[in-house]
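A short write-up of the structure that comes next.
The values are calculated or read from the model by the stated rules, or taken from the named source; none is laboratory data. Because the structure is predicted, anything quoted here is derived from the model rather than measured. Here Cβ is always computed from backbone atoms with ideal geometry, including for glycine, and neighbour counts include all displayed protein chains. Accessible surface is based on the protein model in full, side chains and every heavy atom, while ligands, DNA and RNA are left aside. Shrake-Rupley method; radii C 1.70, N 1.55, O 1.52, S 1.80 Å.
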Amino acid sequence: MADSARLLSDAATHYIFISSISAYADFIAIDEDAPLATIDDETVEEVASKPSWKAFCEKRAAQEFGADRLAILRPTYLRPR
């Protein structure tokens, strides 16, 4: 994720990152100000299905694009009718 954000940062005026609510530390009273999950070692590149990776990817996108050029969407589960 960091590589693609870095490659696009000079060419794109705005970056929309689609994450998920899994980026939050817990699911009690979720809103945009709720704490995000954290990762113990940001140098480990082994990707596993962990909520902390969602928040980590959001952080890396923010580092490359800055808050004024980044929108993060965190959709929840959508159930088909």
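Specify the residue that is least open to solvent (accessible area, probe 1.4 Å); the eligible residues are those in segment 1-23 that are of a type outside the set (Gly, Ala, Ser), farther than 13 Å from LYS59 by Cβ and not in a helix (DSSP H, G or I). So that I can check it myself, show each step before the final result.
Filtering segment 1-23 for residues of a type outside the set (Gly, Ala, Ser) gives 1, 3, 6-8, 10, 13-18, 21.
Pick out the ones that are also farther than 13 Å from LYS59 by Cβ and you get 3, 6-8, 10, 13-16, 18, 21.
Imposing the further condition that a residue be not in a helix (DSSP H, G or I) reduces the set to 10, 13-16, 18.
Working: ASP10: 149, THR13: 119, HIS14: 94, TYR15: 34, ILE16: 106, ILE18: 116 Å².
The selected residue is TYR15.
Identify, please: which residue in segment 34-55 is closer than 18 Å to PRO75 by Cβ and modelled with pLDDT of 75 or more and is, among those, farthest from the chain's Cα centre (by Cα)? Step through it out loud before you land on a result.
Of the residues in segment 34-55, the ones closer than 18 Å to PRO75 by Cβ are 34, 36-37, 49, 51, 53-55.
Still in the list and also modelled with pLDDT of 75 or more: 34, 36-37, 53-55.
Numbers: ALA34: 14, LEU36: 9, ALA37: 10, TRP53: 8, LYS54: 5, ALA55: 5 Å.
For segment 34-55, the residue satisfying everything is ALA34.
If the requirement is being over 15 Å from the mean Cα position of the chain (by Cα), at pLDDT below 80 and small (Gly, Ala, Ser), which of these qualifies: ALA29, ALA12, ALA5? Spell out how you get there, then give the answer.
On the way: ALA12 fails: at pLDDT below 80; ALA5 fails: over 15 Å from the mean Cα position of the chain (by Cα).
Matching residue, one of ALA29, ALA12, ALA5: ALA29.
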